[in-house]
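Comments concern the structure below.
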Amino acid sequence: MSTTEVAPLTLAELDASRIRDVTAASIRAAMAQELELLRQQFAAGKPVDALLAERARIVDRLLRSLWHRFEMDRTPHALLAVGGYGRGELYPCSDVDIAIVLAAEPDAETRGRIEALLAFLFDIRLDIGHSVRTVAESADAACGDITIATALMEARLITGAVPVFRGLQQAVSPPRVWPVEEFFQAKLDEQRDRHAKADDAIQRLEPNVKESPGGLRDIQVIAWATNRHFQAPNLHGLVTNGFMTEQEFAALDAGRRFLAEIRCTLHFAAGRREDRLLFDFQKLVAAKFGYPEDGSNRPVEEFMKRYYRTVRELSLLNEMLLGLFQQAILEVGKPSLIEPINRRFQIHNNAIEATGQNVFIHRPTALLEVFYLLQRHPDIQGVRASTIRLIRENVHLIDQSFRDDIRAKSLFMEIFRQPRRVGNELQRMHRYGVLERYLPAFQKITGLMQFDLFHIYTVDEHVLFVIRNVRYCLFPERDAAVSQQCQQTIQRIPKLELLYLAALFHDIAKGRNGDHSKLGALEAIAFCKAHGLSHFDTQLVAWLVNHHLVMSLTAQRKDISDPAVIQEFADLVRDQVRLDYLYLLTVADIRGTNPQLWTTWKETLLNQLHRGTAAMLRRDIAREPFRAERMPDAKAAALELLAPSAFAEAEIRTIWNAVGEEYFYRHLPDEIAWHTAAILEHGVSITPLVRIRNFENRGGTSIFIYMANVDNLFANTAQVLDRLGLTIQDARIITTAGGYVLDTFIVLEAESGRPVEGHGRYEEIAQWLRSTLTTGRLPQPRLRPAARRLKHFSIPTEVEFSEQPGSPLTLMSVVATDRPGFLSIVGRAMQYCRVRLHNARIATFGERVEDSFYITDLDDVPVTDPEVRRCLIERIESALAQE
């Protein structure tokens, strides 16, 4: 076969007469040229459906020519397009799925041609997915794999033997392979599994426009069911067969085209198959849809709101239409089991159903009653599709007169007071559009995203996840992450509905100008008064909304080993009831913001603050006596733990006399005993002492370092831990009168957010710390997957100072964009400016770090000198600006 180069061609010119003499390189160039032309046409406004069809036609022409080039047209076999390509929808960088269907087992010559053809397709870099099977083998494969059956169901003949293609169609038809009932059930199960992997979250930070709930795959499930049940070639067949109204079809088709345009834009922008709406592309895609960049995040947030509302509508249509299919396919020929509930509703085959088409017109409050009845009847498994449609069509009846109706108010509050399905039914109310109609303030946060890494859900979805997380405290078997402390605390809550309302309103004022906590509290007060709650209950809900961030900030940014901090927080909460409410709301809020940011260390901090504040409230005494009790108690408990050892009490007390009183206030007895034994075992040595241990219920791994103080000790330690893939959660720095340091770091694995496990990992960390602190040699940094996201965010660096009443420490707060080596930079700045670090609280919120450093000068007095403060600010800001 000749490979003489010819003049550059377009793919349209590569017909059978010219294809034989064209090299793979020329075809690759022609393919790139065609793709660029499509990109230009798309940018100029070419409709997405026309673009996808044109891309499929271009590839069809190429494959027909190559079929001829490799003389496959002389064989009795067929070349088919399958999957999305079979539908004639080929996205710019999607795989080209083909099936070579054999009339019979090929001879050696034909098999050689097929292998040469496939090799050439790889040479020209056409991303193909392929199969080579006989008709019988194809049918067998389809029988065993629903994915193969679905792909072949959409097969389209590109070229080759028509009889073979017809034979395949017959062989994989519903009577022979995957009868309609089995096919539909398998597709339902596939969708449930896919949604479960996404935590059933429609509105994620970086959604997959194809696979996420409400995405293109959900639409395709409907299309597959339509094809299999009605043998209809497209979605409009649902209208023809009375399954869908023209209005519903218009909404479904408009949503499909919107997502398809986004997907095309992503492929062109990435230059590869990319179906995730990543931060890298969100601003670019937003501009494509008429939200041009203006220097703020507002355009991308407005675009994403449109995206989220579209997929929510598509998700509802998917639920309704699949429900109709279920009734028409799985229930056909089976007896209907109907049990009346009242005049408006009945249970029909385990699902609730309106008794007539005009139920909601005659009794609008039934739009809330349906969810209340779902709670009251745990045997009901869902809502009949016909009733979903009626709710969708009548949700506009929820207007101000509806909201003022005492029956509606009573029903809404009863939903919050039920012992079952509170979270589930609120989510269902949101899916069906009822919740935002009843609460106009909730409408404002529906689809509202925040362009950061801390909040991975939209505000509305986050709020409902918070309520779900509170409910999990009552049903811990549903969530292994629920702590015993949460389970015990929620049993003391007198009115759970107040906690749910606080969760509902805590972020309801996001996106407005002003403090969302204060504005949300005002919304909560108005709601509670309108719904007849007592003054006490109203004030409690408003207080929780107004202060819903305080406990998190106190636990993560302040030194909660200091009784003064506990006293200040106790003064705010005032009693155990409010403390318990706030604790449960705080835990649920953090876990519902970004599950990956919930760590055992944060859980430990909140639990410690909760217990410490409860103890303070019970004591009702001033700070100093409480503090004075702690040192002798800690020493006595540590001595008891050390009693089985061979160390003399005099040796122990010699160590303790050197460390100073503050050490005993900031460490627990088991830590003191561990440190003391380690120092005595280590003896006098120039080698740094490094010990690593996981304490039970402490939430992180403790790394203890004891050595003579040297320059940049904190900075070098922080850099080693960062490069080893660890995140520092807490640092306590003690310097003895003799110039030794006792540094304790609490760390977690950066990738998992969990404590360090395994003797080998302990040894790796300890060896690198000893080596670096002795020689300065650092380990190679580990790759951090978050780096891609971080580059899209820039938080202005802020360094602020404040005095701590009654304490010799100055609080230095640093807010900046997170990055590898951040703590090392701060540590080197403190060393340069001759400042001593005593304690550090590390708080990272997505891309934003808000770290607190408790410092003094080298004489252990507060850092009040303006020149020293200016030195710290300039060194930190300049170092971070260079990174």
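Percent relative contact order of the chain, based on C-alpha pairs within less than 8 angstrom and at least six residues apart? If you can, show how the numbers build up before the last one.
Working: 1304 pairs, mean separation 56.1, N = 883.
That works out to 6 percent.
Quick one: 3J(HN,Hα) in Hz for region 30-46, Karplus 6.51/-1.76/1.60 with θ = phi - 60°, rounded, Gly and Pro as x.
For region 30-46, the Karplus curve yields 5, 5, 5, 5, 5, 5, 5, 4, 4, 4, 5, 5, 5, 5, 7, x, 4 Hz.
If each of Gln33 and Arg176 carries a label point 7 Å out from its Cα toward its Cβ, how far apart are those two points in nm?
Those two pseudo-labels are separated by 4.4 nm.
Report the gain in length on full extension from Gln41 to Arg57: 0.36 nm times residue separation, minus Cα-Cα distance, nm rounded to one decimal. Each step should come with its number before you reach the end.
On the way: separation 16, 0.36 × 16 = 5.76 nm, distance 1.55 nm.
Taking 0.36 nm per residue and subtracting the Cα distance, the gain is 4.2 nm.
Show me, for region 464-470, the HN-Hα J-couplings you get by feeding each phi into the Karplus relation (A = 6.51, B = -1.76, C = 1.60, θ = phi - 60°), rounded to Hz, glycine and proline as x.
6, 5, 5, 4, 4, 5, 4
Got a number for carbon plus sulfur as a percent of the chain's accessible area, 1.4 Å probe? Let's see the in-between values first.
Details: 18870 of 37340 Å².
Carbon and sulfur: 51 percent of the exposed surface of the chain.
Excluding ligands, DNA and RNA, what is the solvent-accessible area per residue of region 98-189 at a probe of 1.4 Å, expressed in Å²?
Details: 4190 Å² over 92 residues.
About 46 Å² of surface per residue is accessible.
Any idea which of Ile100, Val741, Gln346 is furthest toward the positive side of the dipole for the chain, if Lys and Arg beta-carbons carry +1 and Asp and Glu beta-carbons -1?
The residue sitting most towards the positive pole is Gln346.
Once the Cβ-Cβ distance between Ala25 and Glu109 is put in as r, and R0 is 30 Å, what FRET efficiency do you end up with, to the nearest 0.05? Walk me through the numbers before you get to the answer.
Numbers: r = 27 Å, r/R0 = 0.91.
So, using R0 = 30 Å, E works out to roughly 0.65.
Which angle between 0 and 90 degrees, to the nearest 10, do you get for helix 563-573 versus the longest principal axis of the chain when only C-alpha atoms count?
60
Across region 250-260, in residue order, what do the Karplus-derived ³J(HN,Hα) couplings come to in whole Hz, using 6.51 cos²θ - 1.76 cosθ + 1.60 with θ = phi - 60° and x for Gly and Pro?
3J(HN,Hα) across region 250-260, in whole Hz: 4, 5, 5, 6, 5, x, 4, 5, 4, 5, 5.
Among DSSP beta bridges lying fully in the chain, give the percent that are antiparallel, nearest 5. Please list the in-between numbers first.
Numbers: 65 of 74 bridges.
For the chain, the DSSP antiparallel bridge percentage is about 90.
Within straight cross-link reach of Lys518, meaning Cα distance under 18 Å, which lysines are found once same-chain residues fewer than 8 apart are removed?
Straight-line reach from Lys518, under 18 Å: Lys444, Lys510, Lys529.
In the P(r) worked out for region 305-416, what percent of Cα pairs fall beyond 17 Å? Intermediate results must be reported in sequence, preceding the final value.
Values: 3711 of 6216 pairs.
Summing the P(r) of region 305-416 above 17 Å gives 60 percent of all pairs.
Rounded if a/c is under 1.5, else prolate if a/b is larger than b/c, else oblate: which is region 731-771, with a ≥ b ≥ c the root eigenvalues of its Cα gyration tensor?
oblate
By a straight-distance test (C-alpha under 30 Å), which lysines pair with Lys187 as possible cross-link partners, with residues fewer than eight away in the same chain excluded?
By straight Cα distance, Lys187 reaches Lys197, Lys210, Lys305, Lys334.
Enumerate the lysines that Lys602 could reach by cross-link, defined here as Cα to Cα under 23 Å, with residues fewer than 8 away along the same chain left out.
Those lysines meeting the cut-off are Lys558.
Tell me which residues come under 5 Å, amide H to amide H, from Ile128 once H is placed; ignore anything under 5 positions away on its chain.
Val96
Name the shape class, rounded, prolate or oblate, that the alpha-carbon gyration tensor gives for region 820-869, where a ≥ b ≥ c are the square roots of its eigenvalues, rounded holds for a/c under 1.5, and otherwise prolate holds if a/b is larger than b/c and oblate otherwise.
Working: a/c = 2.33, a/b = 1.92, b/c = 1.21.
Since a/c reaches 1.5 and a/b is larger than b/c, the shape of region 820-869 is classed as prolate.
For the chain, what does the helix formula give at 222 nm: sum of -39500 (n - 2.57) over DSSP H segments with n ≥ 4, over the residue count, nearest 500 deg cm²/dmol?
-17000 deg cm²/dmol
What is the helix-to-structure angle for 600-619, meaning the angle in degrees between its Cα long axis and the longest Cα principal axis of the chain, kept from 0 to 90 and rounded to the nearest 10?
The angle comes out at about 40 degrees.
What shape does the chain take by its C-alpha gyration tensor, where a ≥ b ≥ c are the square roots of the eigenvalues and a/c under 1.5 counts as rounded, a/b above b/c as prolate, and the rest as oblate? Show your work: numbers first, answer last.
Details: a/c = 2.37, a/b = 1.46, b/c = 1.62.
Judged from the Cα gyration tensor, the chain comes out oblate (a/c at least 1.5, b/c at or above a/b).
The values are calculated or read from the model by the stated rules, or taken from the named source; none is laboratory data. Everything numeric in this text was worked out from a predicted model, so none of it was measured. Here Cβ is always computed from backbone atoms with ideal geometry, including for glycine, and neighbour counts include all displayed protein chains. The accessibility values were calculated without ligands, DNA or RNA, using every heavy atom of the protein model including side chains. Shrake-Rupley method; radii C 1.70, N 1.55, O 1.52, S 1.80 Å.
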